[in-house]
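Below: the structure, in structure tokens.
The values are calculated or read from the model by the stated rules, or taken from the named source; none is laboratory data. Values in this document were obtained by computation on a predicted structure and should not be read as measured data. Note that each Cβ is placed from the backbone with ideal geometry, even for glycine, and that neighbours are counted across all protein chains shown. These area figures cover heavy atoms from the full protein model, side chains too; ligands, DNA and RNA do not enter into them. Shrake-Rupley method; radii C 1.70, N 1.55, O 1.52, S 1.80 Å.
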Amino acid sequence: MRPGIRIAIDKIFTVVAGASVVCLCLVLAGVLGPMLWRGGSAVAFKGTVEFRKMQLVLFGRGDEDKIAAESRQAEIARAKIYSTIEKFKGGIDSEALIDKAKQIYRQFGNDLRQTDRTAEEVAELRSVTRQIRDRLESAFASSNAAEVNESLAYVLNFKDDPRFKNTSAAGLIGLAEQYSKDIHGINLAERQRYYQEIRQVEDILTELLGPAPGTATPALMMNRFGATRWDLAQKLLGQLCWYEEWIKQGPGQPMVKRLTPRSQRFAGTEIEGLFIYIQKNLPEMLKPKPTFYWQYFIDDSTPGHYFGGVGPEILGTLLLTILAMLFVVPFGVISAAYLVECASDNLVIRIIRMSINTLAGVPSIVFGLFGLAFFVLFFLPLFGAPSKGCILAASMTLAVLTLPVMIRASEEAIRAVPQTYKEASLALGASRFRTFVKVTLPAALPGILTGVILSLSRVAGETAPVLFTGAVALGPVPKSIFDPTRTLSYGSYDMAVGDKLAAMVPHNQFGMVVTLVLLILCLNTVAIILRSRMFKKLAGH
Amino acid sequence: MKENIRDKTAQNGETAQCACPIISSKDFNFYYGTTMGVKNITMNINPCSVTAIIGPSGCGKSTFLRSINRMNDLIPGVWTEGKLVVDGQDIYDKRVNLVNLRQQVGMVFQKPNPFPKSIFDNVAYGPRLQGITQRTALDEVIEQSLKASALWEEVKDNLRKSALALSGGQQQRLCIARALATRPRVLLMDEPCSALDPLATGKIEDLINQLKNDYTIVIVTHNMQQAARVSETTAFFCLGELIEYDLTSKIFENPSNKKTEDYITGRFG
Ligand SMILES: Nc1ncnc2c1ncn2[C@@H]1O[C@H](COP(=O)(O)OP(=O)(O)O)[C@@H](O)[C@H]1O
Ligand SMILES: [Mg+2]
């Protein structure tokens, strides 16, 4: 070949190799970048006053007085919303109004029995109030403005009636007065729709700002605080300001989504202006602040991943991984030692080797089912342990899963130890066992650690094997290895399939994934440092 | 006792054979499965002497040498015929204790092969196998062995250093020290200098000259001058057979076999 051509080919090869490395880096950045970015928002984000309240209540963190002052300010900004809605609702919640009327009527009846009026007087008062009540009810239920006004006018006739002065029945007239004020500007024909949509608005507001002042503390922890993160608040604000509806286009065609501004839905009422107000004043109401929530990695997530962090998940993943390693490393090394040092090359050994190789390619869900059938249902009860998924069963399943990797890596490592080392040891009178323990094993350790690194990454990230053998999505921190545990991998899987939650706390899903990646990275770094130490020691530096 | 034997050998003069040899083989055959390694080896090796084994490549020098401490046992399918007696014991007897044998018969390999451990741990490996764990006792053995292998002065200040940080010649002397630490009677050396430069080779040769006062040394070498320099008796192997075995001076100056003469003078090999 001419030198020119050779140089050219060399250059082309260099360029292609360089390009492929660059491609690889780009792909890595493309995959990891967004994940890190989104997962990072679990730790670094804009936290609202609700976040700080939650931290104070659930974890006892933060300055109580400061947070109280802050939430007082926020409440001042929020007050207008609640008063406006309250007023608006007064005019449209027919059922509540009718209930109130009925209650007042009943109360009045009771009061009458205790007065010293004659029977006729009582009977007459009763019939008059019943009429008032009935007219009120018809006014509340009707959407015909003329009818409503007529009924209200009838009721208001009794305003100055001395028989009702200072009695509970005056409440009925008060209701009529209030109602005639409240329905001013409301299109009565639309009342039903208003009623439903204002309920929606209230629900979204509860998610955004927390429970309205004056209402009872919600039973569920997740309803006790508003949006703790500014990005979630923004999303909820979108839901608040835009009414979403699905329109049928025709038979056989998919429905299309249509968004209309909610202010338009409430056009002409006092609610109309509310949305602009919220949009403008949301920062005052939530007081977003850049927050670095490093405790994400140690906090428990009190109500199912809604608040708090992934502490128990990290703990569970670490426990499972380390325990699995404790099982698999001795097993793998001893098996490899047998295969290399003792086994002759006969049919049985060849079948064993083939089985190991096949095992390495078996889908992990199969190991999960095996773990359920063998460890959970058979092995644990054998030793009197309860037959339920637990850390022990899960880690043993993971150990079995990664055993082929471990065996093959150790085999290679043991095989790679120079024969001369073994010869030297044997020539000094050492037995084969002693030679293995004192010479071969130490020299093979770096290679074995490579196997550990490979196994570690696999084990820490596996979901399917722990699915049936010891992982739970929610639950207490395990007290012993006979308890099930939460893990990062299973947690993110669970959130991915539990769509509502994932939509509410996207940071958590990505946060878990990124935490898992970081955890594996940390474990691997430790192993790699250990390995390079050993290499250095073996190489004599 | 040793002195006596030496005297006797000296009195006997020309002959390489002696009355009470430490290694003695009689019609010894060695087979790698079906292929023959060495055949019909009959030779006696005197205590406290240096015996060189020379011969063309593949003639079975290593095979014979490794038979003496049964290092060939590692290879599957090997078997032997005839007798090989070391220190009065037939080493291919079923009852023989391999551990004892190998501690009696130390070995130094072609390529220096110290363990990837510290100098101290390398030399201490053998004594520890023998159950010596006391620090003072170990220190003593190690100092003795390193002094015997002429390495002490070079490494005494950093015994904790990795053996792999030493030079090739130093590593080989360390391997000799390691072999000496089990207090063997015989030292087998399989081309111990072939991986070393001339300077290091010279040091090893000096060492062999010192060691022969206390140890029986059998050395395989490709280097004729080396054989002439260090050995008292020389065995010439060819095609798995022992062609000639005599005093070194006789082999090099006046060989009785034609093949030996051809090989010595470089006409084949
Ligand atoms: N492990 C082995 N298996 C089979 N044959 C071997 C083995 N080792 C050596 N041999 C054969 O035995 C003969 C002698 O080898 P060896 O003793 O190593 O020769 P050398 O004199 O060069 O040291 C050679 O023909 C070689 O092919
Ligand atoms: Mg050889």
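What to note about this one:
- Rel. contact order, % - alpha carbon contacts under 8 angstrom, at least six apart, segment A:83-188: 37 percent
- Protein accessible area in the protein assembly as shown, 1.4 Å probe - carbon and sulfur %: 59 percent
- Cα centroid separation, segment B:203-232 to segment B:159-192: 15 Å.
- The share of Cα pairs per 10 Å bin across segment A:311-538, counted from zero up to the longest distance, runs 8, 29, 30, 21, 9, 2, 0 percent.
- Partners for residue A:248 among lysines (Cα-Cα distance below 24 Å; same-chain residues under 8 apart left out): A:257
- Helical runs (DSSP H, four residues minimum) scored at -39500 (n - 2.57) apiece and divided by the length of the protein assembly as shown put the mean residue ellipticity at 222 nm at -18500 deg cm²/dmol.
- Using the Cα coordinates of chain B, the gyration tensor eigenvalues translate into equivalent-ellipsoid semi-axes of 30, 21, 19 Å, sorted from longest to shortest.
- Degrees, to the nearest 10: A:230-241 long Cα axis against longest axis of chain A: 40 degrees
- Nearest 10 degrees, 0 to 90: helix A:145-156 Cα axis against chain A principal axis: 60 degrees
- Residues with amide H under 5 Å from that of residue B:237, placed H, sequence gap 5 or more: B:54, B:55, B:243
- Considering only B:80, B:150, B:236, and ranking their Cα positions along the charge dipole of chain B that arises from unit charges at the beta-carbon of Lys, Arg, Asp and Glu, the one farthest toward the positive end is B:80.
- For the chain pair B and A, buried accessible area totals roughly 1800 Å², probe 1.4 Å, rounded to the nearest 100.
- Summary of the geometry: segment A:253-300 and segment B:83-99, compared by the centres of their Cα atoms, lie 93 Å apart.
- Dividing the convex hull volume of the alpha-carbon atoms in segment A:83-188 by its residue count gives 94 Å³ per residue.
- Evaluated with a Cβ-only charge set (Lys, Arg +1; Asp, Glu -1), the protein assembly as shown carries a dipole of roughly 900 debye about its Cα centre, given to the nearest 20.
- If you plug the beta carbon distance of residue B:139 and residue A:38 into 1/(1 + (r/R0)^6) with R0 = 45 Å, you get a FRET efficiency near 0.10.
- Relative contact order of segment A:367-456, pairs being alpha-carbon contacts under 8 Å that are 6 or more residues apart, as %: 30 percent
- By the Kirkwood approach, averaging reciprocal distances over each pair of separate Cα atoms, segment A:292-446 gets a hydrodynamic radius of 18.4 Å.
- 10 Å Cβ neighbours from other chains, averaged over peptide B:123-135: 2
- Size descriptors for the protein assembly as shown, from the alpha-carbon set: Rg then Dmax equal 46.7, 161 Å.
- With all pairs of separate Cα atoms included, segment B:191-269 yields a Kirkwood hydrodynamic radius of 13.4 Å.
- Alpha carbon centroid spacing (whole Å) that separates segment A:464-541 from segment A:128-161: 67 Å
- Straight-line cross-link partners of residue A:422 among the aspartates and glutamates, defined as a Cα under 15 Å from its Cα and at least 8 positions apart when in the same chain: A:341, B:73.
- Taking the longest Cα principal axis of chain A as reference, the axis of helix A:64-92 is set at about 50 degrees.
- At R0 = 22 Å, FRET efficiency that the Cβ-Cβ distance of residue B:34 and residue B:239 yields, to 0.05: 0.85
- Non-local lysine pairs in segment A:83-188, meaning eight or more places apart or on different chains, with alpha-carbon distances under 20 Å, amount to 11.
- Above-threshold pairs, the threshold being 27 Å between Cα atoms, out of B:111/B:156; A:438/B:111; A:438/B:26; B:111/B:203: A:438/B:26
- In straight-distance terms, cross-link reach from residue B:258 covers every one of the aspartates and glutamates whose alpha-carbon lies under 15 Å from its own, apart from those fewer than eight places away in the same chain; here that gives B:241, B:244, B:246.
- Normalised by the number of residues in chain A, the average gap of Cα pairs under 8 Å and 6 or more apart makes the relative contact order 17 percent.
- Convex hull volume of the C-alpha atoms in segment B:53-177, normalised per residue: 145 Å³.
- Per residue, the accessible area of segment A:267-409 comes to 45 Å² when a 1.4 Å probe rolls over the protein heavy atoms.
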